[in-house]
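Just below is one structure, and these are the notes that go with it.
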Amino acid sequence: MSKIRRKFVVPGDLIVRGDYKPVANVYREGNSIYSLKVGLSEIEGRRVRVIPLSGRYAPRVNDVVVGIITDINPYAWTVDINSFFSAFLPATDVFGKRFSPERDDLTSRLKLKDVILAQIISFDRSKDPMLSAQGPRLGPIRGGHLVKISPVKVPRLIGRKGSMTRMIEEATGTRIIIGQNGYVVINGPPEKIPLAIKSIEMVEAEAHLAGLTENIQNFLSKSLGRKIESEKFDGE
Amino acid sequence: MSAAERKHEFVDSLRRRQIIDGLSLGKRTDGRGLTDYRELKMEIGAIVKANGSAMVHLGNTIVLVGVKVNLGTPFPDTPDEGILTVNADVLPIASPYEEPGPPDEDTIELARVVDRGIRESHMIDMSKLAIQPGKKVYSVFIDVTVLDVDGNLFDAVSYAAVAALMTTRFKKAVVKGDEVIQSDKMMEMPVKTIPVSITTAKIGSHTILDPDGIEEAVMDARLTTTFDSANRLCATQKGGEGWFTPEEILRQMDIARVKAKEIRSVIKEAVKNAKKS
């Protein structure tokens, strides 16, 4: 595994010259790659990307998000997904093809302010993101504690192959549902939830710092008074 | 209020459920008991140029009240009584959900509930505010400015208005021939009783006192009751889409009476200290 090179950049900053592949939040001009956002640039092998320090959620097809119902009309729910667009969940997705606005009452399935786990099934510049709540794990979330973090910090909360989430879950005995949009739902015994929230807030606050995993590991070990193991990967 | 307008934080159903779960264990989000008020801080005489003023902090809610006494013409139906007017304004910087512009329904309701508490408790002896019955009376303006919104504006504003009135001093008017002129002698507001407003919120099947911002956002109904110094009920206002059963209301009255006494002593103490200095 090649070493990751990181550097703080602002929009327009030259990140690297040569044969590199732009991945996210960067653009190429000739054979130079520049940043589009304020954040940390990462060069991993030939792949170049910038992890922004802040920002709202930019919807991407196939992302699984946690949403809050903000409005209901006879044909669809409007869902807050912490983005610059509000998403919509068509009634046919929940009721099936035989949905009829005269017969079926949308509030019988999802009420205002309810929380759902859904997948973005279509989105482009001309229309708002469309959601689907059909699929494994998807659907209404009936319990738990909703925490809102910055969507750009979500990859850090997940960690490599889900290691960070797993560490927090195992240490605190909770189940954590992460939406790519930065809405996180924690389930578990009420007395365990505050520690999980604290850990997640810590990940958010220190996401841009080196040694995040160790910091969280130490924090959890200290809070619980027992050693918490983190998963080790080659090259770390 | 139109449906599209949001006056409160949009609170998801999970949060509401947690709050209700907490309440059934007797715990609130900020650690208070169900009938506890937040810390009440009163700064009396906050506005130097006003006849009377008070700034009240109730937790994170901050309100400022100024009283101005002018000369005016009485209303035809009450020729031998002074004039009392309450105006409220919630500044756009006070809350992310507040917009600039003329006062909305909620702000008007706030002014009217505070007005009702003062008026119906007969806090001020209005007949003593008449100078020349039918011609000249004192007119009392109570101007309310809400600086920071974190729930329970009714009570915070009411306490500030009452404290400001209790410390109001204004120039005594004298009749000279046909004219009424202001003399250099100062007089105090003729205060007869100290009304105290107590607000109850209902969330699920639980009732709590002094709802904060998030509790107001998830509450089903609220009931504001005002008691005079003899602890007689003199004004009520119910809000929200939910309801109270008669038993709930009677139970709340008993709780509120006890609470009103406590808060009246805080106001009295603050006024006493302000008058000393």
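None of the figures in this text is laboratory data; all of them are computed from the coordinates on show. These figures come from a predicted structure and were not determined experimentally. Don't worry about glycine lacking a Cβ; one is built from the backbone with ideal geometry, like all the others, and counts go over all protein chains shown.
Could you state the angle between the C-alpha long axis of helix B:105-120 and the longest principal axis of the C-alpha atoms of chain B, as a value from 0 to 90 degrees rounded to the nearest 10?
Approximately 60 degrees, to the nearest ten.
What number does the range A:145-224 give for Rg over Rh if you use C-alpha atoms and the Kirkwood radius? Let's see the in-between values first.
Details: Rg = 11.2 Å, Rh = 12.2 Å.
On the Cα set of the range A:145-224, Rg over Rh gives 0.92.
Straight distance only, please: which aspartates and glutamates reach the Cα of residue B:171 with their own Cα at less than 13 Å, same-chain residues fewer than 8 apart left out?
Output for residue B:171: B:184, B:188.
What order do you get for A:63, B:210, B:220 when you list them from fewest to most C-beta neighbours inside 10 Å?
B:220, A:63, B:210
Under the rule of -39500 (n - 2.57) per DSSP H run of 4 or more residues, summed and divided by the residues of the protein assembly as shown, what mean residue ellipticity at 222 nm is obtained, to the nearest 500 deg cm²/dmol?
Helix-only estimate at 222 nm: -7500 deg cm²/dmol.
Using alpha carbons only, how many degrees (0 to 90, rounded to 10) separate the axis of helix B:153-166 from the longest principal axis of chain B?
The angle comes out near 20 degrees.
Which angle from 0 to 90°, rounded to the nearest 10, does the C-alpha axis of helix B:13-24 make with the longest principal axis of chain B?
80
Using the Karplus curve 6.51 cos²θ - 1.76 cosθ + 1.60 with θ = phi - 60°, work out ³J(HN,Hα) for each residue of the range A:76-93 in order, rounded to whole Hz, and write x for Gly and Pro.
Here the 3J(HN,Hα) series is 7, 9, 9, 10, 7, 10, 6, 10, 7, 10, 8, 8, 10, 10, x, 4, 4, 5 Hz.
Give the Rg/Rh ratio for chain A, taking Rg as the radius of gyration of the Cα atoms and Rh as the Kirkwood radius, to two decimals.
1.02
Taking just the alpha carbons, could you work out the radius of gyration and Dmax for the protein assembly as shown, both in angstroms?
Taking only Cα atoms of the protein assembly as shown, I get Rg and Dmax of 29.7, 101 Å.
With springs only between Cα atoms under 10 Å, which of A:128, A:71, A:19 fluctuates most in a Gaussian network model of chain A?
For chain A, modelled as a Gaussian network with Cα springs under 10 Å, the answer is A:19.
Which of B:68/B:135; B:41/B:192; B:68/B:238; B:128/B:272; A:21/A:198; B:41/B:135 have a Cα-Cα distance over 31 Å?
Numbers: B:68/B:135 20 Å; B:41/B:192 23 Å; B:68/B:238 29 Å; B:128/B:272 23 Å; A:21/A:198 37 Å; B:41/B:135 40 Å.
The answer is A:21/A:198; B:41/B:135.
Counting Lys +1, Arg +1, Asp -1, Glu -1, what net charge surrounds residue B:35 among other residues with beta carbon under 9 Å of its beta carbon?
After counting each charged neighbour, the total is 0.
Among B:12, B:254, B:178, whose mean-square fluctuation peaks in a Gaussian network model of chain B (Cα, cutoff 10 Å)?
With Cα springs under 10 Å in chain B, the top fluctuation among B:12, B:254, B:178 is at B:178.
Rounded, prolate or oblate: which fits the range A:137-178 when a ≥ b ≥ c are the square roots of the eigenvalues of the alpha-carbon gyration tensor, with rounded for a/c under 1.5 and prolate only if a/b beats b/c? Provide the component values of the computation, followed by the final result.
Details: a/c = 1.75, a/b = 1.23, b/c = 1.42.
Oblate, since a/c reaches 1.5 and b/c is not below a/b.
Over all directions, what mean area does the Cα convex hull of the range A:68-155 project, stated in square nanometres? Don't skip to the end; give the middle numbers.
On the way: hull surface 26.6 nm².
Value for the range A:68-155: 6.7 nm².
Quote the convex hull volume per residue of the range A:4-52, based on C-alpha atoms, as a whole number of Å³.
53
Near residue A:86, within a Cβ-to-Cβ distance under 11 Å, what is the net charge of the other residues, with Lys and Arg +1 and Asp and Glu -1?
In short, -3.
Mind checking which of B:190, B:246, B:133 has the largest fluctuation in a GNM of chain B, springs on alpha carbons under 10 Å?
Taking springs between Cα atoms under 10 Å, the residue moving most is B:246.
Per-residue Cβ counts within 10 Å, from other chains only, averaged over A:181-188: what number is that?
1
When the gyration tensor of chain B is built from Cα positions, what are the square roots of 5 times its three eigenvalues, in whole Å, from largest to smallest?
Sorted largest first and rounded, they come to 36, 19, 17 Å.
In terms of modelled amide H atoms, which long-range or inter-chain residues lie less than 5 Å from the amide H of residue B:124?
B:192
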